[in-house]
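Comments concern the structure below.
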Amino acid sequence: MKLLEGILVLDFSQFLSGPSASLRLADLGARVIKIEKPEIGDICRTLYVSDTEIAGDSTLFHAINRNKESFVADLKRESDIEKIHKLIRQADIVMHNFRPGVMQRLGFDYDSIKAIKEDIVYAEISGYGEEGPWSKLPGQDLLLQALSGLTYLNNTKEAPPTPMGVSVVDILAGTHLAQGILAALYRRENTGLGQKVEVNMLESALDYQFEVFTTFLNDGESLPERCENNHAHAYVAAPYGVYQTADAHLALAMGDIPFLGKLLGCKELEVYTDKSSWFPLRDEIKTVLAKHLTGKSTQYWLDLLEPADIWCAEVFDYGQLRKQEGYRQLNMEMDVKHSNGGTIKTTRCPIRVNGQLLTSNKAAPTLGQQQQEISKEFDL
């Protein structure tokens, strides 16, 4: 199901945030042409999160650039600039994630592109916005997690601020950009007018925390206290957290403490009958609960908790997750074929349309892989 069939995207972006947005557009059926530097290409090709390499490029590059095409152009060379101008005249979307001012210096800012294609949807991601003292800082995920307060909420009370172990701000910003692009396309369809869509990573990180940040703003700007143990959420009362059992770990969400005590056979929990005490006394309650849960296996506790509709789950790593029937039935993995004949296993788009999975077996392109085809098709 190609909902965006016929939409052409020129993607100048690199690394993760911009390419994650164009990946979602490609999943939905758009044609995405990556505009890459000569010789080097997208720097993400050599950005390794492990020592695993596929067909000369990093697994990270393959994960986020599948189902795209690659065209090499030197944006400082006049002949290549004219080629890009020809592509722009046929494009629906132009996107990038360079620092503020870079595209303007190259002559590919919104006003310049709009002069070439009036109804263009121009989309950009920056780290901190176009103005202000932070505007020139690098928009790197860890730095954004640190500045936005996100790391402060993680881990236990005595632990240092702890980042999330994924490029969460990159992917959030990419998601927001894709949302803005789709809205701009809808607007263009109704009015014929192009739009400029802007997202910055700091605002995306703050929006991600809208629940807890709103609480902070309306609670006398009082910072939350992280739990001393079994941490999971700085703003939620006991029993919310992750607990060690005799053989693994168990996640518990919200629940009634005395009822939980009766269910688990832990009389020490039954005395906490005052709901208003479950937050201020959460460390005390969690200590009691944590000690009790180490006495039996995770499955033993699940057999008690799940029939009683207590929100709980076993804590899996990737290997354990893939063995579960609930995971297998999702068909979340797919194989894509690289141009060298190899096969890469990756995740599919999580969106379903009319019950149909959105999949593609087209892997990320090698640098300039579609150079000749694109040049011929667009008379470059």
Answer in debye to the nearest 20: the dipole magnitude of region 249-314 about its Cα centre, from +1 Lys/Arg and -1 Asp/Glu charges placed on Cβ, is 160
Need the list of aspartates and glutamates near Lys2 for cross-linking: C-alpha distance under 13 angstrom, and skip anything on the same chain fewer than eight residues off. Asp27
Past the 32 Å Cα-Cα mark, which pairs from Lys83/Lys337; Lys117/Lys345; Lys196/Lys362; Lys196/Lys337; Lys296/Lys323; Lys136/Lys362? Lys117/Lys345; Lys196/Lys337; Lys136/Lys362
Rg and Dmax [Cα atoms of region 249-314; Å; Rg one decimal, Dmax integer]: 11.2, 31
Just rank Phe71, Phe216, fewest to most, by other beta-carbon atoms within 10 angstrom. Phe216, Phe71
Taking Rh as the Kirkwood radius computed over C-alpha pairs, what is the Stokes-Einstein D of the chain at 37 °C in a medium of viscosity 0.692 mPa s, expressed in µm² per second? 139
In deg cm²/dmol, rounded to the nearest 500, the helical mean residue ellipticity at 222 nm of the chain, built from -39500 (n - 2.57) for every DSSP H run of length 4 or more, is -10000 deg cm²/dmol
With +1 on the Cβ of every Lys and Arg and -1 on the Cβ of every Asp and Glu, the dipole magnitude of the chain about its Cα centre, in debye rounded to the nearest 20, is 800
Using alpha carbon centroids, what distance separates region 169-188 and region 1-74, in Å? 16
How do the peptides 171-179, 352-360 rank, highest first, by the average count of neighbouring beta carbon atoms within 10 Å per residue? 171-179, 352-360
When a footprinting reagent is the concern and you count Cβ atoms within 10 Å, what order do Met332, Met103 take, fewest first? Met332, Met103
Positive-pole candidate from Leu264, Trp278, Gly295, dipole of region 249-314, charges at beta carbon: Gly295
Take the alpha-carbon centre of region 222-236, take the same for region 242-261, and report the distance between them in whole Å. 16
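Each value in this text was obtained by applying a stated rule to the coordinates, not by laboratory testing. The model shown is predicted, which means the values in this text are computed figures rather than measured ones. As a convention, Cβ positions derive from the backbone with ideal geometry for all residues, glycine included, and neighbour counts pool all protein chains shown.
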